[in-house]
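Before any comments, here is the structure.
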Amino acid sequence: MVGTWEGDGSRHVFEWGVGQRVVKSISYGPEGDGWVVVSEGWWYWDPVAQSVRGTTVGTGMGIDLFQHTARLERDEIVHDLVTHGSMSGSFVERWLFDEAGYSWSLEEDGITLMGGRYERVR
């Protein structure tokens, strides 16, 4: 998961935080010939909730705050996701990794709303 990923007109950078106890993320959207930051977040093990939790702050995308609770289901990372902002709601986001990248989907009430694919940038 740690690394740089591109696809669907965006870029995600995941890196380890303090003591490899946190995964930090920065997401970029296209702007002119380059990229502009559209969100920053982090994931960590929450010993009280006994799960991986995350928080992401976004700008310019209709979602100001993402609250994640993540788990592994077989080969997928599954996020129970609550969003705040003009596009608020409760969703399930799935990430399925393979050798070259990962596919993702966003679901609401079992219906896939959107999805895409990201490839690792070497």
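The values are calculated or read from the model by the stated rules, or taken from the named source; none is laboratory data. Everything numeric in this text was worked out from a predicted model, so none of it was measured. Quick reminder, even Gly has a Cβ in these numbers, built from the backbone with ideal geometry, and neighbours come from all protein chains shown.
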TODO: Test Arg117 against the stated conditions and say whether it is at pLDDT 95 or above and closer than 15 Å to Met1 by Cα.
DONE: yes
- [ ] Out of Ile111, Ile63, report the one residue that is more than 12 Å from the chain's Cα centre (by Cα) and closer than 23 Å to Val22 by Cβ.
- [x] Ile63
Open item on the list: With the structure loaded, tell me whether Gly17 is surrounded by fewer than 15 Cβ atoms within 10 Å (Cβ to Cβ), closer than 19 Å to Met114 by Cβ, free of Cβ contacts under 8 Å to residues at least 40 places away in the same chain and not hydroxyl-bearing (Ser, Thr, Tyr) or whether it fails that test.
Closed with: no
- [ ] Could you run through the range 70-102 and say how many residues are more than 18 Å from Phe14 (Cβ to Cβ) and in a strand (DSSP E or B)?
- [x] 9
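Given His79, His84, His68, which one is in contact with an Asp or Glu (Cβ under 6 Å, 6 or more places away or on another chain), touching a residue at least 24 places away in the same chain (Cβ under 8 Å), of a type outside the set (Ser, Thr, Tyr) and more than 22 Å from Pro30 (Cα to Cα)? Talk me through it step by step, then tell me what you get.
Details: His84 fails: touching a residue at least 24 places away in the same chain (Cβ under 8 Å); His68 fails: in contact with an Asp or Glu (Cβ under 6 Å, 6 or more places away or on another chain).
Among His79, His84, His68, only His79 is in contact with an Asp or Glu (Cβ under 6 Å, 6 or more places away or on another chain), touching a residue at least 24 places away in the same chain (Cβ under 8 Å), of a type outside the set (Ser, Thr, Tyr) and more than 22 Å from Pro30 (Cα to Cα).
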TODO: Those residues that are touching a residue at least 12 places away in the same chain (Cβ under 8 Å), surrounded by fewer than 15 Cβ atoms within 10 Å (Cβ to Cβ) and touching a Phe, Trp or Tyr at 6+ places or on another chain (Cβ under 7 Å), I need them from the range 23-58; list them, please.
DONE: Thr55
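Return the residues of the range 62-83 that are exposed (fewer than 15 other Cβ atoms within 10 Å of the Cβ) and either of a type in the set (Val, Ile, Thr) or at pLDDT 95 or above (or both); say none if nothing qualifies. First the steps, then the outcome.
Within the range 62-83, the subset exposed (fewer than 15 other Cβ atoms within 10 Å of the Cβ) is 62, 71-75, 80, 82.
Result: Asp80, Val82.
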